[in-house]
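Structure first, commentary second.
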Amino acid sequence: MRRGKTARQGLWLGLVSLCMMAAGAWAQAAGTGCPVAVDINHADAARLRCLPGIGEKRSAAIIAFREAHGPFPGPASLAAVLGPKMAQTLRARVVVTPVSR
């Protein structure tokens, strides 16, 4: 009986912690004026800097690549600019919409 109660308490604490982290991430994005997801085909440098790990240099590199090679076909194509590990890290926060010409 004792072990079951401890397991439930641990599960409850884990669930509460997860909810607090998610709420904190949402509040951070909402408080800074940053969207939860960024469209890399239409975003300016300031909007790209809303992505975690993207500063002035990386946002400039994304824009330069987009201008030189055209719109990104998908989130995975960020790997050409940022490397595969960073592209995978940002995948949940990146969206791609077609560019009308």
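Values quoted throughout were computed directly from the atomic coordinates according to the rules given, and no laboratory measurement underlies them. The structure displayed is predicted, hence computed values, not measured ones. For neighbour counting, all protein chains shown are included, and Cβ atoms are generated from backbone atoms with ideal geometry for every residue, glycine included.
Considered as an equivalent ellipsoid built on the Cα gyration tensor, the stretch 38-95 has semi-axes of 14, 13, 11 Å, the largest given first. Taking Lys and Arg as +1 and Asp and Glu as -1, the other residues whose beta-carbon sits under 15 Å from that of GLY74 total +2.
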